[in-house]
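These notes are about the structure you will find just below.
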Amino acid sequence: MRFLATLLFCSPLAAQTFEIVPSTASRGEAGSLQVKWISPAGKEPVALQWKINLGVAVTAAAEDIVAGDAATMADKAVTCAAVTKPVQDNVTFNCILAGGQKQIANGTIFLVKYKVKPKVTPQTRVVRVSDGIAVLDHSKQLQKMDIPTAEGAITIR
């Protein structure tokens, strides 16, 4: 029974995850949101895919999503495309981080350079990275792993 409890409580520690570093910006000003990658040793991916939803209080373009230090050290490039939803005003992108055979180490994998809408009220808005997929290369065999949704925040002053 003790083994089962240990396994249940330690399993999340071994999971691969996105981590969104909280960001703060003033109305009408630019800000930057940092997203980190965390995976246990031996589970480093060679490519990542995700969807990021920035909400309705900020604006950004696909070219405003740039590779972070961990991605550039692994010779990866990030490519994103806006998700079109005419009914919603949410800023959402589908993204891929790939290129070459190097594994992606823990650290900042991408940054989002955003601008806060000028007429939005001060608030804290949820940012969500979802539908994540990691591609691992184990002994020249590619494996796909689903990554859980991560949430963070942009605080608007």
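Go through the range 128-157 and give me each residue that's charged (D, E, K, R), under 20 Å from the mean Cα position of the chain (by Cα) and more than 16 Å from residue 53 (Cβ to Cβ). Walk me through it before giving the result.
Residues of the range 128-157 charged (D, E, K, R): 128, 131, 137, 140, 144, 146, 151, 157.
Okay, now just the ones that are also under 20 Å from the mean Cα position of the chain (by Cα), so 128, 131, 144, 146, 151.
Correct list: 144, 146.
I need the full set of residues from the range 42-53 which are touching a residue at least 40 places away in the same chain (Cβ under 8 Å) and either touching a Ser or Thr at 6+ places or on another chain (Cβ under 8 Å) or surrounded by fewer than 15 Cβ atoms within 10 Å (Cβ to Cβ) (or both), in order please.
45, 50, 51, 52, 53 - these are the residues of the range 42-53 that are touching a residue at least 40 places away in the same chain (Cβ under 8 Å) and either touching a Ser or Thr at 6+ places or on another chain (Cβ under 8 Å) or surrounded by fewer than 15 Cβ atoms within 10 Å (Cβ to Cβ) (or both).
Give the residues of the range 96-113 that are of a type in the set (A, V, I, L, M, F, W, C) and under 12 Å from residue 44 (Cβ atoms), sorted by residue number.
Taking the range 96-113 as the starting set, the residues that turn out to be of a type in the set (A, V, I, L, M, F, W, C) are 96-98, 104-105, 109-112.
Result: 104, 105, 109.
Scan the range 76-96 for residues that are assigned to a loop (DSSP other than H, G, I, E, B) and either at pLDDT 95 or above or in contact with an Asp or Glu (Cβ under 9 Å, 6 or more places away or on another chain) (or both) and jot them down.
Our first condition is that a residue be assigned to a loop (DSSP other than H, G, I, E, B); within the range 76-96, this holds for 76, 83-90.
Answer for the range 76-96, where residues must be assigned to a loop (DSSP other than H, G, I, E, B) and either at pLDDT 95 or above or in contact with an Asp or Glu (Cβ under 9 Å, 6 or more places away or on another chain) (or both): just 76.
Could you tell me whether residue 56 is surrounded by 13 or more Cβ atoms within 10 Å (Cβ to Cβ), modelled with pLDDT under 95, more than 15 Å from residue 38 (Cα to Cα) and more than 17 Å from the chain's Cα centre (by Cα)?
So residue 56 fits the description; yes.
Would you check if residue 125 is over 12 Å from residue 50 (Cα atoms), surrounded by 14 or more Cβ atoms within 10 Å (Cβ to Cβ) and out of contact with any helix residue (DSSP H, G or I) (no Cβ under 8 Å at 6 or more places or on another chain)?
Taking the combined requirement at face value, the residue satisfies it.
Right, residue 72: under 12 Å from residue 104 (Cβ atoms) and without any contact (Cβ under 8 Å) to a residue 60 or more places away in the chain or not?
It is true that residue 72 is under 12 Å from residue 104 (Cβ atoms) and without any contact (Cβ under 8 Å) to a residue 60 or more places away in the chain.
What strands (runs of 3 or more DSSP E) lie completely within the range 97-157 and have 3 or more residues being free of Cβ contacts under 8 Å to residues at least 60 places away in the same chain?
Where strands (runs of 3 or more DSSP E) fall fully within the range 97-157 and carry at least 3 residues being free of Cβ contacts under 8 Å to residues at least 60 places away in the same chain, they are 141-147.
The values are calculated or read from the model by the stated rules, or taken from the named source; none is laboratory data. Please read these numbers as outputs of a predicted model, since none were measured by experiment. Methodologically, a virtual Cβ is constructed for each residue, glycine included, from the backbone with ideal geometry; neighbour enumeration extends over all protein chains shown.
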